[in-house]
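J.: Please see the structure below; I have some questions.
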Amino acid sequence: MDDKVSRRDVLLRTAALGAFTAFGAAACSKPPPALACTNTRGLSPADVTVRRSLAYVDNSAELGKTCSNCQQFVPTVATNACGGCKVVKGPINPNGNCKAYLAKPA
Ligand code: SF4
């Protein structure tokens, strides 16, 4: 058996390792998918009605008025996860908004 490694083999393996590393870095730097907090399964019909009547949306259309800035928001310790709300039942997106928005005191 020949234990000698040719220069060509070393170059080919180094190139393959470099390509694999570059691909891995690109895959890891991909941003996480947008957080969706729209699943209302498990809520009572009354809770769904409140959610709809207050016009809860996952992404606030009002600059700076997001659930994460609202006094009613109940955050989670997990990152990129839905929180809760004292008024609107169900999963709440930190970037969401509804008609019951109440700014946190400065
Ligand atoms: Fe978000 Fe409305 Fe709850 Fe405030 S009251 S945290 S704006 S859903």
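Per-residue answers, yes or no, for (1) modelled with pLDDT of 95 or more; (2) not in a loop (DSSP other than H, G, I, E, B):
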residue	(1), (2)
10	no, yes
13	no, yes
33	no, no
39	yes, no
101	yes, no
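J.: For residues in segment 68-99 being in contact with a helix residue (DSSP H, G or I) (Cβ under 6 Å, 6 or more places away or on another chain), assigned to a loop (DSSP other than H, G, I, E, B) and near the ligand (Cβ under 8 Å from one of its atoms), which is nearest to residue 34 (Cα to Cα)?
T.: The extreme case among them is 96.
J.: May I ask you to list the residues in segment 41-60 that are within 12 Å of the ligand (Cβ to nearest atom) and part of a loop (DSSP other than H, G, I, E, B)?
T.: 54, 55, 56, 58, 59, 60
For (1) within 24 Å of residue 45 (Cβ to Cβ); (2) in contact with a His (Cβ under 6 Å, 6 or more places away or on another chain); (3) polar (S, T, N, Q), each residue gets a yes or a no:
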{"site": "58", "(1), (2), (3)": "yes, no, no"}
{"site": "62", "(1), (2), (3)": "no, no, no"}
{"site": "69", "(1), (2), (3)": "no, no, yes"}
{"site": "79", "(1), (2), (3)": "no, no, yes"}
{"site": "83", "(1), (2), (3)": "yes, no, no"}
{"site": "93", "(1), (2), (3)": "yes, no, yes"}
{"site": "105", "(1), (2), (3)": "no, no, no"}
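The values are calculated or read from the model by the stated rules, or taken from the named source; none is laboratory data. On a predicted model such as this, the values are computed, not experimentally measured, just so you know. Cβ atoms come from the backbone with ideal geometry, glycine included; neighbour counts cover every protein chain shown.
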